[in-house]
Amino acid sequence: MPELPEIMALEQFLVEHAVGAVVGRVDVAALSVLKTFDPPVTALSGRDVTGAGHWGKHLGLDCDGLWLITHLSRGGWLRWIDEPGAAPPKPGKGPLALRVHFFTPEGATPAFDLTEAGTKKRLAVWITADPQSVPGIARLGPDALEISEDHFAELLAGTSQRLKTVLADQTVLAGIGNAYSDEILHAARLSPFATASTLGADKVAELYRAMRGILTDAITRSVGQDAARLKGEKRSGMQVHARTGLPCPVCGDTVREVAYADKSFQYCPTCQTGGKILADRRMSRLLK
């Protein structure tokens, strides 16, 4: 799933490639992707693209005051096409969910696709004049890179949830998902199962610095990359996430995994849990 660094990189990509163009035809290949119907998606056609934005893990394209907002969810992605085919895509064929065509001042006719891999279709698109009308945006907590250290400490002190849960809960803190929460906890040398409210002031400060450092470094690596390369760039910077069975780059211990439902997280026992191997059965209480 794209998280804050990738969403910010995609936002910048749209600013560089789409702003200044005019929206042409909008092809809906999966009707289920649309979560709003008034105004219709056809209302975007003929509008100037004037900006882009993000809210947590939501990405938006400003079409002269009317926003196309998407949440790419776990299997979604944005793909830029310099020369798309003229024929509309056939509904229900392949991963394509929605295609937006453009006319640029230079006379080019590019497009971008919103695609979704896998069988669980969760990618969502809203057309709205007010981004705050999108339920997921309205419920967001403060942005992970904009929150102050004092406010961050208050959030942790006010919850008895596990750190892994707190970092990935968008209503508490916006922008961090499964991957970067693994990386942040590893950098801060904290167990995913640690209770947020029990952290001392020094550990809270260390976690805050780790959060900002991991996200800022990922943004530096991601912004300016072509949209097609962002997934690989994200993976290249990981120390523990998706590295089960490999040696920890810091201490050499084997990276371990806790699996639950269709997800998992990774951690280093030596760096984070004093050598203790975490049991999967505790996940029912960790992520509700």
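The values are calculated or read from the model by the stated rules, or taken from the named source; none is laboratory data. What you see is a predicted model, and the numbers here were worked out from it, not measured in a lab. Glycine gets a Cβ as well: all are built from the backbone with ideal geometry, and neighbour counts include every protein chain shown. Heavy atoms of the whole protein, side chains included, go into the accessibility calculation; ligands, DNA and RNA do not. Shrake-Rupley method; radii C 1.70, N 1.55, O 1.52, S 1.80 Å.
Would you point out which residue out of Thr198, Thr216, Thr171, Thr220 is among the polar types (S, T, N, Q), open to solvent by 60 Å² or more (accessible area, probe 1.4 Å) and at pLDDT below 95? Give the steps one after another, and end with the answer.
On the way: Thr198 fails: at pLDDT below 95; Thr216 fails: at pLDDT below 95; Thr171 fails: at pLDDT below 95.
Within the list Thr198, Thr216, Thr171, Thr220, the selection yields Thr220.
Does segment 49-78 hold any residues that are modelled with pLDDT of 95 or more, small (Gly, Ala, Ser), outside any strand (DSSP E or B) and touching a Leu at 6+ places or on another chain (Cβ under 9 Å), and which are they?
Gly56
Could you check segment 76-90 and list, in sequence order, the residues that are in contact (Cβ under 8 Å) with a residue 60 or more places away in the chain and under 14 Å from Thr115 (Cβ atoms)? Explain how you work it out, then say what you get.
Narrowing segment 76-90 to residues in contact (Cβ under 8 Å) with a residue 60 or more places away in the chain: 76-80, 88-90.
Passing the criteria: Gly76, Trp77, Leu78, Arg79, Trp80, Pro89.
Tell me which of these Thr109 doesn't satisfy, since it passes every other one: (1) surrounded by 13 or more Cβ atoms within 10 Å (Cβ to Cβ); (2) without any contact (Cβ under 8 Å) to a residue 40 or more places away in the chain.
So the condition that Thr109 fails would be (2).
Please state which of the following conditions Gly46 fails to meet, knowing it meets all the rest: (1) in a helix (DSSP H, G or I); (2) surrounded by fewer than 21 Cβ atoms within 10 Å (Cβ to Cβ).
(1)
Could you run through segment 23-43 and say how many residues are touching a Cys at 6+ places or on another chain (Cβ under 9 Å) and surrounded by fewer than 20 Cβ atoms within 10 Å (Cβ to Cβ)? Walk me through how you get there before you give the answer.
Our first condition is that a residue be touching a Cys at 6+ places or on another chain (Cβ under 9 Å); within segment 23-43, this holds for 23, 43.
In the following step, the residues that additionally are surrounded by fewer than 20 Cβ atoms within 10 Å (Cβ to Cβ) were identified as 43.
Result for segment 23-43: 1.
Against the definition (open to solvent by less than 60 Å² (accessible area, probe 1.4 Å), under 18 Å from Arg189 (Cα atoms) and not basic (Lys, Arg)), how does Gly237 come out, yes or no? Steps first, answer last, please.
Numbers: open to solvent by less than 60 Å² (accessible area, probe 1.4 Å): yes; under 18 Å from Arg189 (Cα atoms): yes; not basic (Lys, Arg): yes.
Yes: the conditions hold for Gly237.
Quick check on segment 13-47: of everything there that is among the acidic types (Asp, Glu) and out of contact with any strand residue (DSSP E or B) (no Cβ under 6 Å at 6 or more places or on another chain), which residue is farthest from Leu114 (Cα to Cα)?
Within segment 13-47, the first condition is being among the acidic types (Asp, Glu), and the residues that meet it are 16, 27, 38.
Keeping just the survivors that are out of contact with any strand residue (DSSP E or B) (no Cβ under 6 Å at 6 or more places or on another chain) gives 16, 38.
Numbers: Glu16: 18, Asp38: 20 Å.
Filtering segment 13-47 for residues that are among the acidic types (Asp, Glu) and out of contact with any strand residue (DSSP E or B) (no Cβ under 6 Å at 6 or more places or on another chain), the one farthest from Leu114 (Cα to Cα) comes out as Asp38.
Testing Leu230 on (1) modelled with pLDDT under 95; (2) surrounded by fewer than 18 Cβ atoms within 10 Å (Cβ to Cβ), one condition comes back false. Which one is that?
(2)
Among the residues of segment 117-135, are any open to solvent by 30 Å² or more (accessible area, probe 1.4 Å), under 19 Å from Asp27 (Cβ atoms), in contact with a His (Cβ under 9 Å, 6 or more places away or on another chain) and of a type outside the set (Asp, Glu)?
Taking every residue of segment 117-135 in turn, at least one turns out to be open to solvent by 30 Å² or more (accessible area, probe 1.4 Å), under 19 Å from Asp27 (Cβ atoms), in contact with a His (Cβ under 9 Å, 6 or more places away or on another chain) and of a type outside the set (Asp, Glu).
Which number in (1) under 13 Å from Ala179 (Cα atoms); (2) out of contact with any strand residue (DSSP E or B) (no Cβ under 8 Å at 6 or more places or on another chain) marks the one condition that Ala210 misses?
The failed condition is (1).
If you go through segment 117-150, how many residues are of a type in the set (A, V, I, L, M, F, W, C), over 14 Å from Leu34 (Cα atoms) and under 16 Å from the mean Cα position of the chain (by Cα)?
Let us first name the residues in segment 117-150 that are of a type in the set (A, V, I, L, M, F, W, C), namely 117, 123-127, 129, 134, 137-138, 140, 144-145, 147.
Still in the running and over 14 Å from Leu34 (Cα atoms): 117, 129, 137-138, 140, 144-145, 147.
Filter once more, keeping what is under 16 Å from the mean Cα position of the chain (by Cα): 117, 137, 140, 144-145.
Within segment 117-150, residues that are of a type in the set (A, V, I, L, M, F, W, C), over 14 Å from Leu34 (Cα atoms) and under 16 Å from the mean Cα position of the chain (by Cα) number 5.
Testing Ala18 on (1) at pLDDT 95 or above; (2) under 17 Å from the mean Cα position of the chain (by Cα); (3) surrounded by 21 or more Cβ atoms within 10 Å (Cβ to Cβ); (4) not basic (Lys, Arg), one condition comes back false. Which one is that?
(2)
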